[in-house]
1. Return the pairs, sorted by first residue and then second, in which the second residue is open to solvent by 30 Å² or more (accessible area, probe 1.4 Å) and among the β-branched types (V, I, T), the first residue lies in region 147-166 and is in contact (Cβ under 8 Å) with a residue 40 or more places away in the chain, the beta carbons are less than 7 Å apart, and the residues are 6+ apart or on different chains.
2. Report yes if R178 is over 18 Å from the mean Cα position of the chain (by Cα), surrounded by 16 or more Cβ atoms within 10 Å (Cβ to Cβ) and more than 30 Å from I267 (Cα to Cα), otherwise no.
3. Hey, can you tell me all the residues within region 300-327 that are open to solvent by less than 40 Å² (accessible area, probe 1.4 Å), under 18 Å from L392 (Cβ atoms) and either hydroxyl-bearing (S, T, Y) or in a loop (DSSP other than H, G, I, E, B) (or both)?
4. Filtering region 84-102 down to residues that are at pLDDT 95 or above and aliphatic (A, V, I, L, M), which residue is nearest to L21 (Cα to Cα)?
5. Among the residues of region 198-219, how many are surrounded by 22 or more Cβ atoms within 10 Å (Cβ to Cβ) and within 15 Å of R236 (Cβ to Cβ)?
6. Condition check: crowded, with 16+ Cβ neighbours inside 10 Å, of a type outside the set (D, E, K, R) and on the phi < 0 side of the Ramachandran plot. Does L240 satisfy that?
7. Keeping to region 182-206, report how many residues are in contact (Cβ under 8 Å) with a residue 40 or more places away in the chain and of a type outside the set (F, W, Y).
8. Suppose the filter is in contact with a Lys or Arg (Cβ under 6 Å, 6 or more places away or on another chain), farther than 16 Å from Y419 by Cβ and at pLDDT 95 or above; does T301 pass it?
Amino acid sequence: MSELSTSDIISTVEFNHTGELLATGDKGGRVVIFQREQESKNQPHRRGEYNVYSTFQSHEPEFDYLKSLEIEEKINKIRWLPQQNAAYFLLSTNDKTVKLWKVSERGRRPEGYNLKDDDGRIRDPSTITMLRVPVLQPMDLMVEATPRRVFSNAHTYHINSISVNSDYETYMSADDLRINLWNLEITNRSFNIVDIKPANMEELTEVITAAEFHPNQCNTFVYSSSKGTIRLCDMRAAALCDKHSKFFEEPEDPSNRSFFSEIISSISDVKFSHSGRYMMTRDYLTVKVWDLNMESRPLETYQVHDYLRSKLCSLYENDCIFDKFECVWNGSDSVIMTGSYNNFFRMFDRNTKRDVTLEASRENSKPRAILKPRKVCVGGKRRKDEISVDSLDFSKKILHSAWHPSENIIAVAATNNLYIFQDKVN
């Protein structure tokens, strides 16, 4: 991949709370917002198409002179705030700095000033003989993005997660060893709520991989670790949540133990269900659904690409084993989706226990084309429509995806392409 296109690699995808807007962030520090087309009488099927609404540079590359470190501009996460007025607000973060952006529309401009001409030149006061009242004239619609807050200098390590609290006043940012709590109005102060950094760094055994607030209990949050465990914390219990309220861990099957066990058990993503009753975690080979009331084992375990179990050695050598796949719920918490290799992504229906593998690629992304389920075969005879595990392309991976909050519309990022699929409409 050329240097030119590396900055276009999509690094995060997120619908807003209504699903009318979809934001993507990329390695070049840009945020692109897509807006859903409104339905028109003469083109009823165009409802659901997303078109570019606004593009802006969120982060720039920086250099930390004290540590002699380059700080990448890559957008790690985007989180929308619920809409309170005509403007939209979102948080975006790179490795070190979180920014609050306001995205608003301007469809009118003031004209008829007293002290300056319409082209902006200052008028000679001696020529002003009457008082004019400026009026708002319609103009071409402009979408403006302005940074309202910059939350910086609070993380020694790389930020991997941001999550807005259900009180809509606070949010948290998590790095490898610490989680900080911020007020959305205050940029020069944050509270450290989790700190797992040992006094001696040689004793470090695990890092924080993801963190999220509960969708409706503002005092509750979870964070996952590279050891495959999830801790649920209650901020009412103590200011520093080093002692968890609940500890979720699946006991390891000794017969499955291997050199790679620890690497593949590392959790790459954790997401609460919309109902707040369950949470879902993604590790390298599986997606697990946990009941918050049962810590001893997951309620459901889904195999994402079990055929890779025999390929872990080569995946370790090419570093793919460290890929961080995300997972998402549909609006009713009945279906979950996560990515795989070869531009495949997987869907699991929790009620029927049916699962499907679909592919996001240029070949089958013609408008209104129906996605055909794909199958991967391991050894033996390969059927006509199957793909052999040995011919999977590991450079094409679906790490980031999003599901519309109420409809069956999904957004899937495949390297530098964004695919939007929706339920079949007549």
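The values are calculated or read from the model by the stated rules, or taken from the named source; none is laboratory data. Here the structure is a predicted model, which is why all the values come from computation and not from measurement. In this analysis, Cβ positions are derived from the backbone assuming ideal geometry, glycine residues included, and neighbour counts consider all displayed protein chains. Only protein heavy atoms, including side chains, enter the accessible area calculation; ligands, DNA and RNA are left aside. Shrake-Rupley method; radii C 1.70, N 1.55, O 1.52, S 1.80 Å.
1. Filtered contacts from region 147-166: R149/T187; V150/T187; F151/T187.
2. no
3. Correct list: V304, H305, D323, F325.
4. For region 84-102, the residue satisfying everything is L90.
5. Final tally of qualifying residues: 1.
6. Numbers: crowded, with 16+ Cβ neighbours inside 10 Å: no; of a type outside the set (D, E, K, R): yes; on the phi < 0 side of the Ramachandran plot: yes.
No; evaluated as a whole, the condition is false for this residue.
7. 6
8. Yes: the conditions hold for T301.
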